1. Over the chain, average the accessible area per residue using a 1.4 Å probe and give it in Å², no decimals.
2. For the range 302-330 and the range 50-119, compute the distance between their C-alpha centroids and round to whole Å.
3. FRET efficiency for PHE186 and ASP87, Cβ-Cβ distance as r, R0 = 60 Å, nearest 0.05?
4. Taking the full set of protein chains and a 1.4 angstrom probe, give the accessible area of LEU307 in square angstrom, rounded to the nearest 10.
5. Probe 1.4 Å, all protein chains in place: accessible area of HIS47 in Å², nearest 10?
6. Using θ = phi - 60° and the Karplus form 6.51 cos²θ - 1.76 cosθ + 1.60, what ³J(HN,Hα) does each residue of the range 256-268 get, whole Hz, x for Gly and Pro?
7. What is the distance, in nm, between label points placed 7 Å from the Cα along the Cα-to-Cβ direction at ASP231 and at ASN121?
8. What order do LYS302, LYS30, LYS293 take when sorted by accessible area (1.4 Å probe), most exposed first?
Amino acid sequence: MARLTSFPTFHRVSGRVILVVGSGPAAAAKVRLLAETDARIVVVSEHPSRELRNDALRVGAELREEPFAPGHLEGAALAFAATEDEDADRAIADAARAARVPVNVVDRPELCDFTTPAIVNRAPLAVAIGTEGAAPVLARHVRARVEAMLAPEIGGLARLAEGLRGAVASLLPAGEARRRFWARLFDGPVAERALAGDLPGARALALRELAAEPDLGGFVWIVGAGPGSVDLLTLRAQRVLQEADVIVHDALVPSEVVAMGRRDAERVFVGKRKGRHEATQGEIDELLVREAKAGRRVVRLKSGDPLVFGRAGEEMEALRAAGVPFEIVPGVTAAFAAAASAQVPLTLRGVASSLVFATGHDLDGRTLPDWAGHALNGATVAVYMGRSVAAAVAARLSEAGLAADTPVVAVENAARSDERVLAGRLDDLSAVADRPDLSGPVLILIGRALASADLSSAIPFAEAVAAPSAAA
Ligand code: SAH
């Protein structure tokens, strides 16, 4: 992790003197910025500009029309040198340092003890954004985005919480119960009401929630993590990841997604990893039930959508049998991510009017799985876990009568930075199984609808690839 050269803090200035020395626009800008606080602003300016005079008057700053003297620094919490004259600014900075008053020199980062961030003010909530002077315009861009994210009334919500702290401390035991109360407060109906401007109503509701029995029961969210890129996680998945005490995840969920969870949540890996025991489905079911019964909030994180080849059915059954409440958070399934990567339609007017989610693995049996019949009737087929059995899939489908030239797309690592789109026809699909270079998860799409796409830049299935060991 890159380290900061400045440590962001909030410096208490209420009622204290902040000194601004200067006469022009730089001084005026600082006066306006400082007026976001309730400090006593003192401006020392021999010849104040009209703008500065107006601003000082408007925000109630004290204007001293006299030359700067070190005595002005006495008792000041902070000082700003904004004369826009290098020698004068340097002299003020020296005097401030001698008087042990932290000083900021406008546009001279090397002379500053502190710098001023871009501020989003929702007092008492504040967001300060800085770039250590590297890119002030970027800081302003970020501020604009944060401004848009935070309702104007969110400060009122913070005040409401402040007013409840005593009651919460006396009614709820420290730890889990309190954390949960606050989590619900800031994310539930109380917050909704407060942000809609009804603070008294929000407060009444909060007091009612506080008086109710604290809910310490465990809970499980079975969450779809999407195909593997952080920005395809849903907002809901992101929210429950923040509430989790335990995150149970498997191999297909990349670490960046797992890292989105609450920092101090426990992470439990239950997938395949070299040389390690792989948890069985039964053990995973037991783990979820055990953790929830212990009162913990569990996120069971699965790749794609949890209800598509995710064994969520078994987990739900175990939770129901144990009386553990749970919720499903859907995710972007691999078929959708693969289709998006290859830019192929999954349904197409007049060509394909249905879509089948299939797995290559039930081809082991003798009978043709019924999804082959759908393919013959024009459905687009998305084959999960199909790479190693690609040859069998192709053989069965053409035996059943699907045309040899039916277009096929295979996407490896769909929606990830290392994704690859391969394309071909049903009669060369078997080559996919033989490619030694396919090591990530692969999703195969089959159907006439794919013919409408531009696959000219896709990699042909049978294109010669050097096996890593066979490299000359
Ligand atoms: N629940 C998951 C599927 C799990 S089964 C979902 O909804 O996506 C595992 C199979 O999903 C893999 O064998 C592969 O076929 C497919 N898969 C998962 N992630 C993928 C990705 N990023 N790119 C391509 N295929 C993926």
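1. Details: 24980 Å² over 472 residues.
Per-residue accessible area for the chain comes out at 53 Å².
2. A separation of 61 Å, based on Cα centres.
3. Numbers: r = 51 Å, r/R0 = 0.84.
According to the calculation, E is roughly 0.75.
4. The value for LEU307 is about 100 Å².
5. The value for HIS47 is about 140 Å².
6. 4, 6, 4, 5, 5, x, 3, 4, 9, 6, 7, 9, 10
7. 3.3 nm
8. Sorted by accessible area, descending: LYS293, LYS30, LYS302.
The values are calculated or read from the model by the stated rules, or taken from the named source; none is laboratory data. The shown structure was predicted, so the numbers you read here are calculated from the model rather than taken from an experiment. FYI the Cβ positions are ideal-geometry reconstructions off the backbone, even for glycines, and counts take in every protein chain you see. Ligands, DNA and RNA are stripped out before the accessible areas are found, and what is left, the full protein with its side chains, is counted by its heavy atoms. Shrake-Rupley method; radii C 1.70, N 1.55, O 1.52, S 1.80 Å.
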